1. Below 8 Å between Cα atoms, with a sequence gap of 6+, how large is the relative contact order for region 47-162 in percent?
2. I need two numbers for region 127-181: Rg to one decimal and Dmax as a whole number, Cα atoms only, in Å.
3. More than 18 Å apart: what percent of Cα pairs in region 79-193 qualify?
4. Based on other C-beta atoms within 10 Å, arrange Val55, Val157 from fewest to most.
5. Once the Cα atoms of region 46-127 are picked out, what are the Rg and Dmax in Å?
6. Pairs to check: Lys97/Lys180; Lys62/Lys110; Lys61/Lys82; Lys83/Lys111; Lys168/Lys195. Give those whose C-alpha atoms are more than 18 Å from each other in this structure.
7. Which residues' amide hydrogens lie under 5 Å from the amide hydrogen of Ile96, considering only partners 5 or more residues apart or on another chain, with H built in the peptide plane?
8. So how do Phe190, Phe108 line up by other beta-carbon neighbours within 10 Å, fewest first?
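Please treat every number below as a calculation from the coordinates, not as lab data. In this text, all values refer to a predicted model and were calculated from it rather than measured experimentally. Backbone-built Cβ (ideal geometry, glycine too); neighbour counts: all protein chains shown.
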Amino acid sequence: MSIFKKKIASIVCIGFCIMFLSGLYHVDKKHDIYYTTHNNNQFCSTEFIKSWSSVIKKSSKKYNVDPKLIKSIICIESSGNKKATSRSHAVGLMQIKPLSAGKEVYRFKKKDGQPSVYDLYNPTINIDIGTAYIHILQHRDLVGINNTEMLRYATIVSYVNGSDKLLKILSNNRRKAVKKINQMTKKEFFYYIKKNIQPCKLGNILKK
């Protein structure tokens, strides 16, 4: 398998994980496409994110975040639509909520207030804030998760639902919650999330 195909396969695998864990996406097997129930059923295609490759690369290096994870979140959260807005007021390519993730990133950057909706429609700003938020999740909220793959899955769940929600279904004590994650297999983690956060279909991921 070529390096390019391996990268695409990796992006799709992460994308599947986000889709099924969030419970917001459906598969149209006839046309082999994915679409969201909250962004006007935009097609999810790598063509949508090619325009943002340089911005993704820059943010990836700046915050030490896997670029494949950034691309997957863009594709699954907004289908590459920079004007996407959800019913819960998540905005732009990485579906940032100004009052939650946006405000959190501003605090991290030692800035007052929160990003405006206008700011978040700007792909460069949106990707920067979304990637910074992933960094916060991985290097603060979820620190202590030893397995790289489990950290990736925990990051995805936390990005969609919030790290507090993930950790509190495991324990009110953050350290104990992280310890439980470290003791879980991928399959056990997925089933636990499915049972305790929201109903969702995990498809063939659990069989891998």
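1. Numbers: 136 pairs, mean separation 25.6, N = 116.
It comes to 22 percent, rounded to a whole number.
2. That works out to 10.5, 32 Å for Rg and Dmax.
3. Numbers: 3365 of 6555 pairs.
Beyond 18 Å sits 51 percent of the P(r) for region 79-193.
4. On the way: Val55 19, Val157 23.
Least crowded to most crowded, the residues run Val55, Val157.
5. Spelled out, the Cα radius of gyration and Dmax of region 46-127 are 12.1, 36 Å.
6. Working: Lys97/Lys180 29 Å; Lys62/Lys110 16 Å; Lys61/Lys82 22 Å; Lys83/Lys111 25 Å; Lys168/Lys195 14 Å.
Long pairs (Cα-Cα over 18 Å): Lys97/Lys180; Lys61/Lys82; Lys83/Lys111.
7. Val91
8. Details: Phe190 20, Phe108 16.
The fewest-first ordering by Cβ neighbours comes to Phe108, Phe190.
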